[in-house]
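The values are calculated or read from the model by the stated rules, or taken from the named source; none is laboratory data. Quick caveat: nothing in here was measured; it's all calculated off a predicted structure. Here the Cβ positions follow ideal geometry from the backbone for every residue, glycine too, while neighbour counts run over all protein chains shown. What goes into the accessible areas is simple: the full protein's heavy atoms, side chains included, and nothing from ligands, DNA or RNA. Shrake-Rupley method; radii C 1.70, N 1.55, O 1.52, S 1.80 Å.
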Amino acid sequence: MRIGIDCLRADPDYVGGLNTYILGLLDGFAACGHHHNFQLYVTEGNCKLFARYVGSKRFELVTIPSGFFRMRQTVSRAALLSGSQSVYRSANARLFSGLREIMDMGSDLIYTPTVSLLCFDHRTPTLLSMHDLQHLHYPEFFSWPRLLSRKIAYELSATHANFFQASSEFIKRDMLDHFPEISPEQIAVIPEGVNLEDFLMPRSAAVLQRYQVAERFLFFPAQLWPHKNHLTVLKALRQIEREQGVKIPLVMTGASYSAAPAVFRFVTEQGMDYVLHLGKVPFDDLVALYQRAAFVISPGLYESNSLPILEASAAGTAVVASRIPPNEELAQTLCLNLFDPRDEQNLAQLLFSMWQDETACREQGLLNRDQVTRFSWKNAARQYLDWIEQVVEESCSTRQLLLQ
């Protein structure tokens, strides 16, 4: 098969879940997709993200001029803010007609890993990863333009995509609850993955000295978005300090977004000199922090799945996580310490208990390292390809019936 992958909206400057997801899955395809060819649709501005696939026999990069794409995307966004689905759909049909024809001619299926379709009139079957519906649960976390654009783009995508991938059973149920036009048969649940080898290789302890990190620390890798729930963690640590007289060092990584002002203000006002925010760090340093942490925390209010949980498990480090449906699904396989994400007192008790019990943390980390192997990107990619083979075969059969 010829599988087209729409990477046009991958942001080369973003360090986080979506890029990790796209690149991890592509690595999985490279490892197991030996009978298929992959066309990656990229721009001049983001093609460096995909440099590792240049020259690969089964991968072809189709590079779209950045100026061409950026100009059309600007007009497309203006149409989106009109608030009209028909205006946005018509604008995209005109703006991207040439691009759509190139993608349709070059592929047996178009896969979009970036939450919404770019074109809503493909003649080739489309598969979409609608990673989350956070805006429907926490609209207060979004500006009105972003909320409006999500509403229109997601609803059009739900109507016009042929098939969907969900990272958890929770996301599948969420999609079915909010988009009646989608049927259960259109959705495949394929959990996210992790590159096991990246996290198994021991990293130097020099990272601790470089960033002036304490020898034992709690690690919190997450962008500073409101749904990542940083304030609950900070309040729990402050409670431990007040009631137990113990300062548990916290190391945070991730870029500063809309939650950053409140997070930094709380740390300053409470005098929490044991909290360190490193911002974006190189991947090798990130892995070293995972490996050296006493345990990792993933306290999100809403997630489709949790890459930090999988990465911590691959690094052999224990995990504290919010009790939300996707994490409860992961807890069926991994040993996770779950807590109510709105209950800072519950979290304070859990963090203090784990901080005191190094043996339990070590044992949990070793157990998870064994169990997380089933979540490799190679396994995820194999599930994708099985699903793609099935839907392309069904689409071809349907097309033949219509031609008879």
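Only residues that are out of contact with any Phe, Trp or Tyr (no Cβ under 9 Å at 6 or more places or on another chain), over 26 Å from ARG173 (Cβ atoms) and surrounded by 20 or more Cβ atoms within 10 Å (Cβ to Cβ) were counted in the range 109-133, giving 1. Select from the range 42-61 the residues that are crowded, with 18+ Cβ neighbours inside 10 Å and not hydroxyl-bearing (Ser, Thr, Tyr) and write down the one among them that is nearest to SER97 (Cα to Cα). The extreme case among them is VAL42. When you look at GLU185, is it without any contact (Cβ under 8 Å) to a residue 40 or more places away in the chain and either closer than 28 Å to GLU389 by Cα or buried (at least 20 other Cβ atoms within 10 Å of the Cβ) (or both), yes or no? It is true that GLU185 is without any contact (Cβ under 8 Å) to a residue 40 or more places away in the chain and either closer than 28 Å to GLU389 by Cα or buried (at least 20 other Cβ atoms within 10 Å of the Cβ) (or both). Checked against the criterion of being outside any strand (DSSP E or B), at negative phi and either aromatic (Phe, Trp, Tyr) or out of contact with any helix residue (DSSP H, G or I) (no Cβ under 7 Å at 6 or more places or on another chain) (or both), the candidates GLU393, GLU311 yield just one match: GLU393. Of the residues making up the range 262-286, those that are without any contact (Cβ under 8 Å) to a residue 60 or more places away in the chain and of a type in the set (D, E, K, R) are ARG265, GLU269, ASP273.
If I ask for residues that are among the basic types (Lys, Arg), assigned to a helix (DSSP H, G or I) and within 27 Å of the chain's Cα centre (by Cα), which ones from the range 196-239 would you list? Hits for the range 196-239 are LYS228, LYS235. Here ALA188 meets each of (1) more than 20 Å from LEU307 (Cα to Cα); (2) assigned to a strand (DSSP E or B) with one exception, condition (1). Does any residue in the range 210-230 that is of a type in the set (Lys, Arg) come within less than 6 Å, Cβ to Cβ, of a residue that is modelled with pLDDT of 95 or more six or more places away or on a different chain, and which pairs are these? Here the result reads ARG216/ALA294; LYS228/ALA222; LYS228/GLY300, each pair linking the range 210-230 to a residue that is modelled with pLDDT of 95 or more. Scanning the range 320-367 for residues that are more than 18 Å from ILE240 (Cβ to Cβ), part of a helix (DSSP H, G or I), open to solvent by 10 Å² or more (accessible area, probe 1.4 Å) and in contact (Cβ under 8 Å) with a residue 40 or more places away in the chain returns PRO325, GLU329, ARG362, GLN364, LEU366.
Quick check: anything in the range 294-311 surrounded by fewer than 23 Cβ atoms within 10 Å (Cβ to Cβ), acidic (Asp, Glu) and in contact (Cβ under 8 Å) with a residue 12 or more places away in the chain? No - not one qualifying residue is present in the range 294-311. Scan the range 200-218 for residues that are open to solvent by less than 80 Å² (accessible area, probe 1.4 Å) and either modelled with pLDDT under 95 or touching a His at 6+ places or on another chain (Cβ under 6 Å) (or both) and the total you get is 6. Take the residues of the range 65-104 that are open to solvent by less than 40 Å² (accessible area, probe 1.4 Å), hydroxyl-bearing (Ser, Thr, Tyr) and part of a helix (DSSP H, G or I): which is modelled with the highest pLDDT? If we take residues in the range 65-104 being open to solvent by less than 40 Å² (accessible area, probe 1.4 Å), hydroxyl-bearing (Ser, Thr, Tyr) and part of a helix (DSSP H, G or I), then TYR88 is modelled with the highest pLDDT.
Tell me, which residue of the range 23-32 that is open to solvent by less than 30 Å² (accessible area, probe 1.4 Å) and in contact with a strand residue (DSSP E or B) (Cβ under 8 Å, 6 or more places away or on another chain) is farthest from ASN305 (Cα to Cα)? Once the filter is applied, the top-ranked residue is PHE29. Determine whether ASN37 is open to solvent by 60 Å² or more (accessible area, probe 1.4 Å), under 20 Å from LEU99 (Cα atoms) and touching a Lys or Arg at 6+ places or on another chain (Cβ under 9 Å). Yes; evaluated as a whole, the condition is true for this residue. Scanning the range 240-261 for residues that are part of a helix (DSSP H, G or I), within 26 Å of GLU303 (Cα to Cα) and in contact (Cβ under 8 Å) with a residue 24 or more places away in the chain yields a single hit, ALA260.
When the range 134-155 is filtered for residues that are crowded, with 19+ Cβ neighbours inside 10 Å and among the aliphatic types (A, V, I, L, M), the ones remaining, listed by number, are ILE152, ALA153.
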